[in-house]
Amino acid sequence: MNSNYQAKIDGLKEDARHIRRNIWRALHGAGGGHMGGSSSAADILAALYFHHLNLRPKEPDWQDRDRFVLSKGHANAALGATLARAGFIDDSVLDQFYVYQSNFGMHPDIKMAGVEMSTGGLGHGLSVGLGMALGARMQGKDFRTCVMVGDGELQEGSNWEGAMAAAHLGLSNLTVILDYNKIQQSGTVTQMMGLEPAADKWAAFGWAVREIDGHDMSAVVEALDALPYAEAAPSLIIAHTIKGKGVSFAEDSFLWHNNMVTDEVYAKALAELGEPG
Ligand SMILES: Cc1ncc(C[n+]2csc(CCOP(=O)(O)OP(=O)(O)O)c2C)c(N)n1
């Protein structure tokens, strides 16, 4: 393997580790929050912001920027940690998580630099994202739009209306990334209302689909580099992930979808995530 490429992948892994540390830092400051779905998304966010998306952190409203919508808005600690590392917001904002009148809330707020859509009520990001993608086409612009959804979130019917519309419109400038950690708020997705066969469903709706391990940085980068997967269809990346990834006691358990972060829990989490880089 090319050594430049390996250095790039190693750098992105370090970005993801940094994001995970700051997720726990933000949640510790607030006393708790959504560590599970924030941590499962960290590798993908690192690859998006530090490799794929065309952005200007010092000019967040630059008209030709790529758009990213975190539809699973409860993972906002991960988005904030990413935006801080990318330079959209100051690192000190991470200590303002869930503080009264802070722009860095439990869910994304468009008042914060780099946030494209206020989300939190699940099921709306795809429809708004497709509007952004359609807007790009209507304006003759080549910016791309990417939306991250959760697997539990896909139980909201509005997603399927959006999926149908995006395919009908042939929006190849739209990508959805499914953070497929298999767990939602109170149990597994299979127990609540299963998604399978997920890839076949989206393909039947007219999407071009790829499946990857969402924690394998090379696989994430390759999947992003290969976009779009079809000339006249939107693309879906099904990223198989682990809820709570990176901190063993929080991994793969709905109990750590959203939980308190005491001093003791925080110390244990940081010990597993390693020293700051
Ligand atoms: C419309 C709506 N219903 C319910 C909730 C409460 N809620 C917040 S997170 C969550 C579970 C989401 O599960 P999933 O999409 O799998 O998220 P992840 O595992 O990636 O954190 C629920 C039900 C909400 N935010 N919006």
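Which Cα, out of A86, I23, Y266, lies furthest along the positive dipole direction of the chain (beta carbon charges, K/R +1, D/E -1)?
My answer, from the dipole projection, is A86.
Please work out the FRET efficiency for the pair Y100 and T262, using the Cβ-Cβ distance as r and a Förster radius of 35 Å; give the result to the nearest 0.05.
0.95
Going through the cross-link list K8/K182; K72/K182; K58/K141; K13/K58, which pairs have a Cα-Cα distance over 19 Å in this structure?
K8/K182; K58/K141; K13/K58
Tabulate in residue order the Karplus-calculated ³J(HN,Hα) for region 172-185, using 6.51 cos²θ - 1.76 cosθ + 1.60 with θ = phi - 60°, rounded to whole Hz; enter x for Gly and Pro.
Once θ is set to phi - 60°, the couplings for region 172-185 become 6, 8, 10, 10, 10, 10, 8, 7, 8, 8, 6, 10, 10, 6 Hz.
Starting from the Cα of D91, step 7 Å along the direction of its Cβ; do the same at E161; then give the gap between the two resulting points in nm.
That separation, rounded to one decimal, is 4.5 nm.
Which length gain, in nm to one decimal place, applies between D64 and A226 when the Cα-Cα distance is subtracted from 0.36 nm times their residue separation?
The span from D64 to A226 would gain 56.2 nm if fully extended.
Just to compare against my own numbers: the Cα pair-distance distribution for region 1-116, 5 Å bins, whole % per bin, please.
2, 13, 23, 25, 19, 10, 5, 2, 1, 0
Counting only residues 5 or more places away or on other chains, whose amide H sits under 5 Å from the amide H of V69 once H atoms are built in the peptide plane?
C146, V147, M148
Kindly identify region 55-143 as rounded, prolate or oblate by the Cα gyration tensor criterion: order the square roots of the eigenvalues as a ≥ b ≥ c, call it rounded if a/c is under 1.5, otherwise compare a/b with b/c, prolate if a/b is larger, else oblate.
oblate
Give the calculated FRET efficiency between D10 and E211 to the nearest 0.05, with a Förster radius of 22 Å applied to their Cβ-Cβ distance.
Computed FRET efficiency for D10 and E211 comes out at 0.35.
Cut-off 10 angstrom, C-alpha nodes, Gaussian network model of the chain. Which of A46, A30, A77 fluctuates the most?
A30
Assuming R0 = 30 Å, what is the FRET efficiency of A204 and L255, from their Cβ-Cβ distance, to the nearest 0.05?
Computed FRET efficiency for A204 and L255 comes out at 0.30.
In deg cm²/dmol and to the nearest 500, what is the mean residue ellipticity at 222 nm of the chain if only DSSP H runs of at least 4 residues count, each as -39500 (n - 2.57), divided by the residue total?
-12000 deg cm²/dmol
With 10 angstrom as the radius, rank S253, S172, S38, S92 by how many other C-beta atoms surround their C-beta, starting from the fewest.
S92, S253, S172, S38
Using unit Cβ charges (K, R positive; D, E negative) and no other charged atoms, how large, in debye to the nearest 20, is the dipole of the chain about its Cα centre?
Charge dipole of the chain: 320 debye, to the nearest 20.
Sorted from fewest to most neighbouring beta carbons within 10 Å, what does the list W202, W62, W160, W24 look like?
Ascending Cβ contact count within 10 Å gives the list W62, W160, W202, W24.
Over all directions, the average projected area of the alpha-carbon convex hull for the chain comes to how many nm²?
Taking the Cα atoms of the chain, their convex hull projects to 13.9 nm² on average.
FYI, it's all coordinate maths here, none of it is from the lab. Everything quoted here is computed from the prediction, not taken from an experiment. For neighbour counting, all protein chains shown are included, and Cβ atoms are generated from backbone atoms with ideal geometry for every residue, glycine included.
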